[in-house]
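Here is the structure we will look at, set down as structure tokens.
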């Protein structure tokens, strides 16, 4: 359908709380999700939240078979997740590098819960309930942060582990 403009860090819309989706049967929701997939694909991303394209609804998409941005990451199933709820299944955290389409050219080491349960709904209104770990869990937490007005730099604990991708990883071809 349409590749939309991705808002960048500094835009106040990225700091707002997203509203729950109330009606799953609208054409506007279907078009939004199609546009989100087109936008994510065009940008080479692994996930995208509606607030990143200026839509304040609790809608995230994610998934890929292979990612140039995260070449070592395991496959994550393509998912539409509406009105998500995340539950940490332990207090254990993993630190790993993250980037964001709204924070181009930068990477930071971010702590995330190692194992989570996420619940929500698909576009058809059917319930989704999954328990995941690893990169899959990281992507879900990252995208859902956008729904509460958080960008990954807000979660960085050690700013010596935050910087420009081409400086931190000079041998890696970056897609940002």
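The values are calculated or read from the model by the stated rules, or taken from the named source; none is laboratory data. Everything numeric in this text was worked out from a predicted model, so none of it was measured. Note that we place each Cβ from the backbone using ideal geometry, even for glycine, and neighbour counts take in every protein chain shown.
Filter the stretch 24-45 down to the residues that are within 16 Å of the chain's Cα centre (by Cα) and not in a helix (DSSP H, G or I) and list them by number.
44, 45
In the stretch 63-99, which residue that is free of Cβ contacts under 8 Å to residues at least 60 places away in the same chain and in contact with a helix residue (DSSP H, G or I) (Cβ under 7 Å, 6 or more places away or on another chain) is farthest from residue 53 (Cα to Cα)?
So the residue we want is 96.
Checking residue 161 against (1) over 27 Å from residue 56 (Cβ atoms); (2) surrounded by 21 or more Cβ atoms within 10 Å (Cβ to Cβ), which single condition isn't satisfied?
With respect to (1) over 27 Å from residue 56 (Cβ atoms); (2) surrounded by 21 or more Cβ atoms within 10 Å (Cβ to Cβ), residue 161 is out only on (2).
Identify the residue in the stretch 146-158 that is part of a helix (DSSP H, G or I) and touching a residue at least 24 places away in the same chain (Cβ under 8 Å) and, among all such residues, is surrounded by the fewest Cβ atoms within 10 Å (Cβ to Cβ).
148
Residues of the stretch 125-144 being in contact (Cβ under 8 Å) with a residue 40 or more places away in the chain and assigned to a helix (DSSP H, G or I), which ones?
134, 135, 136, 138, 139, 140, 141, 142, 143, 144 - these are the residues of the stretch 125-144 that are in contact (Cβ under 8 Å) with a residue 40 or more places away in the chain and assigned to a helix (DSSP H, G or I).
Among the numbered criteria (1) surrounded by 18 or more Cβ atoms within 10 Å (Cβ to Cβ); (2) modelled with pLDDT of 95 or more; (3) over 26 Å from residue 21 (Cα atoms), which one does residue 123 miss?
Of (1) surrounded by 18 or more Cβ atoms within 10 Å (Cβ to Cβ); (2) modelled with pLDDT of 95 or more; (3) over 26 Å from residue 21 (Cα atoms), only one is false for residue 123: (3).
Has the stretch 66-79 got any residue that is under 16 Å from the mean Cα position of the chain (by Cα), modelled with pLDDT of 95 or more, part of a strand (DSSP E or B) and on the phi > 0 side of the Ramachandran plot?
No.
Exactly one condition in (1) under 17 Å from residue 94 (Cβ atoms); (2) in contact with a helix residue (DSSP H, G or I) (Cβ under 7 Å, 6 or more places away or on another chain) is not met by residue 140; state its number.
(2)
In the list 57, 89, 32, which residue meets the criterion of being surrounded by fewer than 18 Cβ atoms within 10 Å (Cβ to Cβ) and at pLDDT 95 or above?
Details: 57 fails: surrounded by fewer than 18 Cβ atoms within 10 Å (Cβ to Cβ); 32 fails: surrounded by fewer than 18 Cβ atoms within 10 Å (Cβ to Cβ).
89 is the lone residue from the list that is surrounded by fewer than 18 Cβ atoms within 10 Å (Cβ to Cβ) and at pLDDT 95 or above.
Tell me which of these residue 5 doesn't satisfy, since it passes every other one: (1) touching a residue at least 12 places away in the same chain (Cβ under 8 Å); (2) loosely packed, with under 12 Cβ neighbours inside 10 Å; (3) in a helix (DSSP H, G or I).
Looking at each condition in turn, residue 5 falls short on (3).
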